[in-house]
Amino acid sequence: RCAPPDRMPEFEAVIGLEIHAQLLTASKIFCGCSAAFGAEPNTHVCPVCLGLPGALPVLNRAAVDLAIRASLALGCTVQPISIFARKNYFYPDLPKGYQISQYEQPLAVAGVIQAGSDYWTPDYDIRITRVHMEEDAGKLLHEGSDRYSLVDLNRAGTPLIEIVTEPDFRTAKDAAAFFGYLRELLVSIGVNDGNM
């Protein structure tokens, strides 16, 4: 049985965010394939982003530069050493069977967006736990039939940053407002085109 409304306990929302932002690079994070959106399916692929045997990734310097720019804008400390690792999961649009991401040693840590900063007007700070780099997966297309899906691997290997906040938000409205603030910030510093 449910308690009557006048006897409901008080609850407080505790909200943290994990936000992925595509980096504004011409090529993918570990190969020279185009990161442009909207091409014919499976035309921006190579042995590296397809995960073919013997293909070795080479880190895109422009992606690192943009990720560092975003980290500094968020008040983070950029780490002298950051390490990529394999995050294993098996989706049809992940050709290698793992995603190259950062976990134990991310690019940047311990940032803060202070209360009253530019477009962030609430009266409390938002702590940024970490900013790390990773590659995107491909895309599943569900067109024309509910019995099968098509796989487009053009996005596989597209460079992303993941921005993780501490659980500092107390309302969904503030969380949404912060997302808007973050999007404007990343667009204004040339890190992202608004694709979050």
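The values are calculated or read from the model by the stated rules, or taken from the named source; none is laboratory data. Just so you know, these numbers come straight off a predicted model, no measurement behind them. Heads up, the Cβs are rebuilt from the backbone with ideal geometry, glycines too, and the neighbour counts pull from every protein chain shown. All accessible areas refer to the heavy atoms of the entire protein, side chains included, with ligands and DNA or RNA removed. Shrake-Rupley method; radii C 1.70, N 1.55, O 1.52, S 1.80 Å.
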(1) under 23 Å from Asn192 (Cβ atoms); (2) open to solvent by less than 30 Å² (accessible area, probe 1.4 Å) all hold for Gly97 apart from (1)
Testing Leu66 on (1) assigned to a loop (DSSP other than H, G, I, E, B); (2) touching a Pro at 6+ places or on another chain (Cβ under 9 Å); (3) at pLDDT 90 or above, one condition comes back false. Which one is that? (1)
Taking segment 102-117 and keeping residues touching a residue at least 40 places away in the same chain (Cβ under 8 Å) and either open to solvent by 60 Å² or more (accessible area, probe 1.4 Å) or not in a loop (DSSP other than H, G, I, E, B) (or both) leaves Ala108, Gly111, Ile113
Test result for Ala35, buried (at least 16 other Cβ atoms within 10 Å of the Cβ), touching a strand residue (DSSP E or B) at 6+ places or on another chain (Cβ under 6 Å) and modelled with pLDDT of 95 or more: no
Reported set for segment 47-94 where residues are of a type in the set (Ser, Thr, Tyr) and open to solvent by 70 Å² or more (accessible area, probe 1.4 Å) is Thr77, Tyr91
